[in-house]
1. If I go through the range 196-210 residue by residue, how many of them are buried (at least 21 other Cβ atoms within 10 Å of the Cβ) and either in contact with a Cys (Cβ under 9 Å, 6 or more places away or on another chain) or more than 18 Å from K234 (Cα to Cα) (or both)?
2. I need the full set of residues from the range 136-154 which are more than 15 Å from V203 (Cα to Cα) and in contact with a helix residue (DSSP H, G or I) (Cβ under 9 Å, 6 or more places away or on another chain), in order please.
3. Give the residue, chosen from V175, V153, V201, that is closer than 24 Å to E59 by Cα, outside the structural domain of G54 (by TED's automatic domain parsing) and in contact (Cβ under 8 Å) with a residue 24 or more places away in the chain.
4. With respect to A259, is the statement that it is in the same structural domain as V153 (by TED's automatic domain parsing), closer than 30 Å to C115 by Cα and not in a loop (DSSP other than H, G, I, E, B) true?
5. Go through R171, R135 for me and flag whichever is under 26 Å from the mean Cα position of the chain (by Cα) and in a strand (DSSP E or B).
6. Output the residues belonging to the range 362-413 that are within 25 Å of R283 (Cα to Cα), among the aliphatic types (A, V, I, L, M) and free of Cβ contacts under 8 Å to residues at least 12 places away in the same chain.
7. Among the listed residues A40, A52, identify the single one that is of a type in the set (A, V, I, L, M), part of a helix (DSSP H, G or I) and in contact with a helix residue (DSSP H, G or I) (Cβ under 6 Å, 6 or more places away or on another chain).
Amino acid sequence: MTIHYLAKPADGTSVAEFDLTEAGSSPRLVDLIARAREVAAIAAAHAVIVDAEGRFPHEAIAAAKAAGLIGAMVPVELGGEGAAISTIAEVCYTLAGGCASTAMIYAMHQIKVACVVRHSALSPWHQDFLRRVARNQLLLASSTTEGQGGGDVRSSSAAVMHEQSRINLERAATVMSYGEQADAVVTTARRGPDAAASDQVLVVFEKADYTLDRTLEWETLGMRGTRSAGFAMKATGRDQQILPEPYADIHAQTMTPVAHILWGGAWAGVAASAVERARLYTRKSARGMEGQTPPSAVHFTRAAAALRQLRTLVATSLARYQAIEHDPAALAAMDFQTAITLLKVDASELAVAAVMSAMRACGLSGYRNDGDASLGRHLRDILSAPIMINNDRILANVAMSALLTDTPQSLHD
């Protein structure tokens, strides 16, 4: 099946080449990408109405569940497909060509799956939970943004309250994407009422374990289908639902690198879709000018260059992570943590640059909402990228470690 809006990025490479590893050699994983393309076509068919109504992309997520995409990262021995992060990044890229909200929902879900997979090997409860994720295609939401702390995911106000083997948690989840549509929530919290704000744990609560009372609506410029509303969350469960490893380790080893790689994959997919529309529009304009290069082609060149840089950046970061993903010391090293943190900043800004240049290449046709070259939704969606976990906050947090790092004295340092 060919998805024309992602047919061939302007840098001359095929979409499938974004995956650096096993998709080229494993029929099972090649099939996973083929299934993702079918889901992307369904997502594309409903993307306009999802955006216009600001509603959850029910059709696309239902199709993803039916295609087995939701449980793809769960290990084979637990009933999943054991897909590596490289394959999941490719799925995010593919879905984003159809609907940015669908791709972001899928990325956020898989970030939480990755955390549970990596950090719960010694927990029978979580191993059984992963079996149910694969068997029933359970969609996981994330709750890390809280109260006045905003996007500071390494600080929690709400604490887990323990009563014998039972736990309770009440938190102001000021932004929880697709919270009402999820089958479970994976949330950060202080380890206990006497714990420091940074002494956190990660807890899995299933649908029957919690209630959500909406406190903030989601009426936004873009990414409207993620339904990232605010809620007062009340949850109860058993102490074995707490992941056994400290959140500090989960954050450094899995949460941050997987989040930034998968978000980058999704943003690259949005940018690729925009650049493809600009390419088709520019070619059509050139034909109308009897083969002469239209003036807007300079903007298309910039768009294609930004997309090439973006895809290279994500692919390089992905390869670096996969090379050390089983080495906790290497993952915790300042150089890697700085690089993987800045991936979010650089990828988001390159994605905005690519889509903005594609819009300028299409001119008024891109600005309109009623034509084949329309890029308004792409631009509105991609403008969320620098804002979610604000780039300024990230740069400020990285500043101190950057000051402690020597400036390279040669190209090879």
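The values are calculated or read from the model by the stated rules, or taken from the named source; none is laboratory data. Owing to the predicted nature of the structure, the values given are computational and were not obtained by experimental measurement. Neighbour counts are summed over all protein chains in view; Cβ atoms, including those assigned to glycine, are modelled from backbone coordinates with ideal geometry.
1. 1
2. Hits for the range 136-154 are N136, Q137, L138, L139, G150, G151, D152.
3. Exactly one of V175, V153, V201 is closer than 24 Å to E59 by Cα, outside the structural domain of G54 (by TED's automatic domain parsing) and in contact (Cβ under 8 Å) with a residue 24 or more places away in the chain, namely V175.
4. no
5. The unique qualifying residue is R171.
6. Matches in the range 362-413: L364 only.
7. Numbers: A52 fails: in contact with a helix residue (DSSP H, G or I) (Cβ under 6 Å, 6 or more places away or on another chain).
When all the criteria are applied, what remains is A40.
Matching residues to (1) buried (at least 20 other Cβ atoms within 10 Å of the Cβ); (2) within 23 Å of the chain's Cα centre (by Cα); (3) closer than 16 Å to A268 by Cβ; (4) not assigned by TED's automatic domain parsing to the domain that holds E146:
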{"residue": "A319", "(1), (2), (3), (4)": "no, yes, yes, yes"}
{"residue": "I324", "(1), (2), (3), (4)": "no, yes, no, yes"}
{"residue": "A329", "(1), (2), (3), (4)": "no, no, no, yes"}
{"residue": "K344", "(1), (2), (3), (4)": "yes, yes, yes, yes"}
{"residue": "A347", "(1), (2), (3), (4)": "yes, yes, yes, yes"}
{"residue": "A354", "(1), (2), (3), (4)": "yes, yes, yes, yes"}
{"residue": "G366", "(1), (2), (3), (4)": "yes, no, no, yes"}
{"residue": "S374", "(1), (2), (3), (4)": "no, no, no, yes"}
